[in-house]
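The values are calculated or read from the model by the stated rules, or taken from the named source; none is laboratory data. All figures in this text were calculated on a predicted structure; none of them were measured in a lab. Note: ideal-geometry Cβ built from the backbone for every residue, glycine included; neighbour counts use all protein chains shown. SASA here: full protein model, heavy atoms, side chains in, ligands and nucleic acids out. Shrake-Rupley method; radii C 1.70, N 1.55, O 1.52, S 1.80 Å.
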Amino acid sequence: MSEELSLLMLTIDGESLHVPEGCSVAAALSLSGQDRCRYSVCRLPRAPFCGMGICQECRVTVNGLRRLACQTLCQPGMHIERINDE
């Protein structure tokens, strides 16, 4: 018996991406081929680390609001932007 995988469409930094329903934003970033969420103060790329929201390394902007990628589930039409604090 086969189960059909349900996909939803969102954008990451303006690029459209289809991800499985129930996927976290952190997983969607990984599926995009570039799992970076932001840059450190030394301009080094930072990615999700703990997966529990404790380390705060996965900060992104979702629909204009700062969120933790590991704690946020993807929704259809969601707009995700990596944070480029200078």
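If only the Cβ of Lys and Arg carry +1 and only the Cβ of Asp and Glu carry -1, the dipole of the chain around its Cα centre is close to 420 debye. Please work out the Cα convex hull volume for the chain and give it in Å³ per residue. With only Cα atoms used, the chain gives 98 Å³ per residue.
How far, in nm, would the chain grow between Q71 and V41 when pulled straight, counting 0.36 nm per residue and subtracting the alpha carbon separation?
Net length gain for the segment: 8.5 nm.
Toward the positive end of the charge dipole of the stretch 1-62, with +1 on the Cβ of Lys and Arg and -1 on the Cβ of Asp and Glu, the farthest Cα among L17, P45, S32 is that of P45.
In whole percent, how big is the carbon plus sulfur part of the accessible area of the chain, probe 1.4 Å, protein atoms only? C and S fraction of accessible area: 52 percent. Sorting the segments 38-46, 10-18, 52-60 by their residues' average number of neighbouring beta-carbon atoms within 10 angstrom, most packed first, yields 52-60, 10-18, 38-46. In the context of the full set of protein chains, the stretch 5-78 has a per residue accessible area of 59 Å² (1.4 Å probe).
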